[in-house]
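Presented below is the structure to which this report refers.
The values are calculated or read from the model by the stated rules, or taken from the named source; none is laboratory data. No experiment lies behind these values; they were computed from the predicted model shown. Cβ placement follows ideal geometry from the backbone for every residue including glycine, while neighbour counts extend to all protein chains displayed. These area figures cover heavy atoms from the full protein model, side chains too; ligands, DNA and RNA do not enter into them. Shrake-Rupley method; radii C 1.70, N 1.55, O 1.52, S 1.80 Å.
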Amino acid sequence: MEHPGCAEKTCFHCALPVPPGAHYQVIIEDVPREMCCRGCQAVAQTIVDNGLADYYRHRTAMPGAGHEVVPEELQKLALYDHPGIQKSFVRQEGEHVKEASLILEGITCAACIWLNERHLKQLRGVLQVQVNYANHRARITWDDQVIQLSKILEEIQLLGYNAHPFSAERQENLRRQRRAKDLRRIAIAGLSAGQVMMLAVALYAGAAFGMEDSTAALLRYLSLLLTLPVVFYAALPFYQSAWHALLGRRLNMDVPVSLAVISAFAGSVWATFQGQGVVYYDAITMFSLFLLSSRLLERSAQEKSVEAAENLLKLAPAMAIRVVDDQHLPVLVLELNEGDTILAKPGESIAADAEVIEGRSTVDEALLTGESRPVPKSPGAAVIAGSINLEGPLLLRVTGVGENTVLAGIVRLLDRAVAEKPRLAQLADRVAGHFTVILLILTVLVGAAWWWVEPGRAFETVLAVLVVTCPCALSLAAPTAFAAAGSHLLRHGILLTRGHGLETLAKVNHVVFDKTGTLTYGKPVLQRTIQLAELDENRCMALAASLEKTSEHPLAQSFLVRVARPELVPVQEAQNLPGKGVSGIIGGVRYTLGSSALSGLPAAALPGELPAGSTLVWLCDERRALAVFVLSDSLRPQARELVARLKAAEVRVSMLSGDAEDAVSHVAAEAGIEAWQAALRPEDKLNALRELQRRGNVVAMVGDGINDAPVLAGADVSIAMGGGTQVARASSDIVLLTENLLDIQLALQTGHASMAVMRQNFAWAIVYNVLALPFAALGMVPPWLAAIGMSASSLVVVMNALRLR
């Protein structure tokens, strides 16, 4: 590849000069391409051999130079296979399946993302690859029996990129460096624009009141000198993006921007040396300044949700106090293992997800969940890494470290939301691409018309058309609004986990609730035990708690808190049957615990009157019912108010539950819900939801349990309670970290507000371009005013979106 007007050969892969006498070539699409070194040759050959040559047509920026992976580097990569090192950034997903969180260095454009994802997915044993363009974070899932992490990292290096474990601090440093470079470009453009504008005022005044030709020429040469840093440094990102878009046989918004800057500069230089004609140094510097500033604002808005997630990771301390044989030993958090005992002193951040063994205190979880009030903690309660212990010392048993903490789970969900581009944003990109093509065609037609009518003004008019109609505002309309809304929701403890969730919220007209753990606290209290056989109450309770010890259902804790851990008995062939209960073999006998239908035995008559709205849990063996546990759950205090608010907003409300009819009807009456269904299996809930959708409803489903996962996945938009099961959170589009039901209304309102802001942004961008184009085409808008108009339109869009924060 040779640059126009330059005989020097450059590397087709990295664009660095090819050293004299170097003969490194790769055949790409039947054309021999020159490479600068053996490393780039190896990288390019790898890309071609894997059928990924399209990368060279789609990339919009150059990667770093390739290099060979030497044995010393391979030894360093092998260290990442050590379980102790993997603890901080690798999560165990299955028996042999792992997921690593990495940062990729060298990512310069969307084609880099495509290349890494496509190449790694072709490796045997790699199950999933997802690279986030916003923060260059990669999540890679692989089978550890088939391929090692070091081999994956080696393949990434062979492509010319570097991968290392994700670190919030390191990521922040990289972002700070990028921001400093952006600010440096803006500062140079700003200083140049200020000086050039003063000289331009003198030139305009001189033309009106008379100025010697020598003085005017001096001012023009000074303006040229001051514009050089802008054209050759500050505006460089525009040229790079446009050049690689053209190499990929497509157009982006930087194509007309680059054409405008280069043509205006070339015309101005010609006029300066000729000593006649119009110069546009003021328009060039102002245009570059305003465009760089608006893009910095755009990037800042898009990074807010990413920064919010990484700020969460910084909450966890680096050190912890491990308790071993009554000795307090300071250790790195990375050295903790599940089951370790640690001490959290008052005023300290809790080092890992854990369960309270001893002590009572209150914990501040505000930065994690948005809950402003301290949460009381006592033995048996769960605490989250990064929360702050406020009052008394707590002795804790570690339940999760590294990538297995709640904090890391929140960040994974945020990554998924940022990686999934919303439909409206995709539409805006397509429209902006088509608009760019139309703009360039119109520019040619306008130039031809003016050349025919008044050749002296053709160049100025074409330049004004290119500048004033740049589709920057159109491309910014959706992404900035989504970023600002996501940041706003996260500050209120509402985690947006999928890109489409926000736009779907604005269309919701029917909200469906689960009962247990959603409308109620999900912490049923045992009111009564009815013995139906000769077993005593303690034995029945021990059997029930043993069966429930592997269950995540909210009812499980009602039994487990009443039985000491040593009293639990081993359970074989334990099964969790969503919507029904649990079963298992204890001492050679199969027991079931759940609904009366689970055992297949006829329901026995129960003595006495049962509390209204209570839930009955049957303990049975293979021959008979042994006991019935009567539990009741209390309604969340916000439930009735939320239902009333939704109805006032003309949103229909219903409830689908797997619980018994009398318990469901009681909760429905308390909450003010008229439409409800009871005793539903997971598949029944999904069928009921699909029936609502067939009637034309846009349905939001709110749930928390394993049995809610299918219906959450099937809803138009799904909301999981923060304290729900991992399966429910993974199936949902939104997670309520605070578990405050009124946040559901806030999410709906934010969805409506976001769509309103986006419609305003689209309307402004379209109206601006429709109105500005005729005036520019008629020669009524000078280039400097076109630069102000285009930049102002982008700033209006960004500032309007930031109102959502």
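Suppose we filter region 485-513 for residues that are within 16 Å of ASP743 (Cβ to Cβ) and assigned to a loop (DSSP other than H, G, I, E, B); how many remain?
Residues flagged as within 16 Å of ASP743 (Cβ to Cβ) and assigned to a loop (DSSP other than H, G, I, E, B) within region 485-513 amount to 4.
Among the strands (runs of 3 or more DSSP E) confined wholly to region 615-708, which include 1 or more residues that are open to solvent by less than 70 Å² (accessible area, probe 1.4 Å) and of a type outside the set (A, V, I, L, M)?
615-620, 625-632, 652-656, 699-703
In region 581-596, is there at least one residue being touching a helix residue (DSSP H, G or I) at 6+ places or on another chain (Cβ under 7 Å) and open to solvent by 30 Å² or more (accessible area, probe 1.4 Å)?
Checked region 581-596: no residue is touching a helix residue (DSSP H, G or I) at 6+ places or on another chain (Cβ under 7 Å) and open to solvent by 30 Å² or more (accessible area, probe 1.4 Å).
Pick out the one residue from ARG498, ARG528, ARG491 that is in contact with a Leu (Cβ under 9 Å, 6 or more places away or on another chain), assigned by TED's automatic domain parsing to the domain that holds GLN693 and open to solvent by 10 Å² or more (accessible area, probe 1.4 Å).
After ruling out the rest, the residue left standing is ARG498.
Could you list all residues from region 773-799 that are buried (at least 21 other Cβ atoms within 10 Å of the Cβ) and modelled with pLDDT of 85 or more?
ALA776, ALA777 - these are the residues of region 773-799 that are buried (at least 21 other Cβ atoms within 10 Å of the Cβ) and modelled with pLDDT of 85 or more.
With respect to LEU610, is the statement that it is open to solvent by 40 Å² or more (accessible area, probe 1.4 Å), assigned to a strand (DSSP E or B) and either farther than 26 Å from GLU683 by Cβ or not assigned by TED's automatic domain parsing to the domain that holds THR504 (or both) true?
no
So the check is Cβ under 7 Å with 6+ separation or different chains; which pairs have a first residue in region 266-285 that's farther than 19 Å from ALA234 by Cα and a second one that's polar (S, T, N, Q)?
VAL279/SER223; VAL279/SER268; VAL279/THR272
If I filter region 378-400 for residues that are basic (Lys, Arg), surrounded by fewer than 19 Cβ atoms within 10 Å (Cβ to Cβ) and modelled with pLDDT of 85 or more, do I get at least one hit?
Narrowing region 378-400 to residues basic (Lys, Arg): 397.
From what's left, surrounded by fewer than 19 Cβ atoms within 10 Å (Cβ to Cβ): 397.
Pick out the ones that are also modelled with pLDDT of 85 or more and you get 397.
Scanning region 378-400 turns up at least one residue that is basic (Lys, Arg), surrounded by fewer than 19 Cβ atoms within 10 Å (Cβ to Cβ) and modelled with pLDDT of 85 or more.
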